[in-house]
Amino acid sequence: MVTSIIMSLVIYIYRTLVLSIISYSSHVWGAKEYQALELVQNNVMRSFIGFGKTAPLVGLMGELNWKPLHWHTKFTTIKFWHHLCDLPIKCMPKKVLLFLAKLNLKDTWYSNVMDVISKLITPNDAPYPAISNPSNFMNTIMYDRSHFLSYTMQLINKLALQDWTLRLDTIDKNSRSGGRLADYRLIKRTPSTDDYIRTGNFDKRRVLAALRCGCLPLEIEKGRLRHPKVDLESRICQLCNCGAIEDSTHFITTCPAFNHIRCNLFAECSLLSPNFYSYPSIQKKHFILTYPNQKISNYIYSMYIHCKSLTHSH
């Protein structure tokens, strides 16, 4: 478990010691997706944030701004395909590529790469005709290599964002509360790395990320994981006598058990937004989750620690 490490160091270690191994020779096999390799990257992300296996992966990727591994391997495959296209006709690898193109067989390296490119690049998107028909690309005058790869990466980023958004907006039809990501859908629509993620404090990062992604161990989450699952109305806060469901809104804005910390939290928020005190509870919560500066993060963490101490004392 990562205890105190900054984001830039995690990325460096992962790319140097892990990604270089699990994506080795991905230009050969990377046109397909392999779940076992995705799990390796997922475990790295979970370790850095401090999430368990039941935490929503889409929220994890949104907080770290990482894409699934298959997008990386597909790009290396296309990059290698472009290199083969650019070789002289007399080179053996180029002859093999032309031979595979002529045979037009299914489930070959060539056909798999063509499938990837055809899903990425459509005639309406292509800035030049040859790319919109990738099977003819090798027989045309080569375009600038760096421009082609840059354009391909833009398309990959576009499709990765579309895929992430689709997964984020998918709600279980049996869910009455909108699921764990109900708040997350409102505070974040584009994957990005917020300042609190870059800090070296593991505990504060874990708590705030869990609160934003709906997997902090409040009663609403505990009831979801119990067997049998507890009804939504029965996931009542055990720290006060309000009889309210212990969800993120109750925890952040109304539970009397945290009034002494909440006063300082709200005062800090009012410095950022003068009208903060007039906001309804849900809007206050979304403001706090959307703008978690260092002081706000500290107050949220203090509330969670106090919550744990009260829970253990009951």
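Points to keep in mind about this one:
- Unique match (being farther than 28 Å from Asp195 by Cβ and surrounded by fewer than 17 Cβ atoms within 10 Å (Cβ to Cβ)) among Asn241, Asn293, Asn275, Asn264: Asn241
- Residue match in the stretch 251-259 (condition: open to solvent by 30 Å² or more (accessible area, probe 1.4 Å) and among the small types (Gly, Ala, Ser)): no
- The number of residues in the stretch 193-208 being open to solvent by 30 Å² or more (accessible area, probe 1.4 Å) and touching a Gly at 6+ places or on another chain (Cβ under 7 Å) comes to 1.
- The residue pairs whose first member lies in the stretch 53-76 and is farther than 13 Å from Leu181 by Cα and touching a residue at least 12 places away in the same chain (Cβ under 8 Å), whose second member is of a type in the set (S, T, N, Q) and surrounded by fewer than 20 Cβ atoms within 10 Å (Cβ to Cβ), and whose beta carbons are closer than 6 Å, counting only pairs six or more residues apart or on different chains, are Asn65/Ser192; Asn65/Thr193; Thr73/Ser23.
- Summed over the stretch 154-192, residues that are part of a loop (DSSP other than H, G, I, E, B) and either hydroxyl-bearing (Ser, Thr, Tyr) or surrounded by fewer than 13 Cβ atoms within 10 Å (Cβ to Cβ) (or both) total 10.
- Of all residues making up the stretch 20-36, the number that are in a helix (DSSP H, G or I) and among the small types (Gly, Ala, Ser): 3
- Residues that are within 19 Å of Leu289 (Cβ to Cβ) and either of a type in the set (Ser, Thr, Tyr) or not in a loop (DSSP other than H, G, I, E, B) (or both) within the stretch 225-256 comprise Ile245, Ser248, Thr249, His250, Phe251, Ile252, Thr253, Thr254, listed in sequence order.
The values are calculated or read from the model by the stated rules, or taken from the named source; none is laboratory data. Computed from a predicted model, the values in this text were never measured in an experiment. Every residue, glycine as well, gets a Cβ built from its backbone with ideal geometry; the counts of neighbours run over all protein chains shown. Quick note on the areas: whole protein, heavy atoms, side chains included, nothing else; ligands and nucleic acids left out. Shrake-Rupley method; radii C 1.70, N 1.55, O 1.52, S 1.80 Å.
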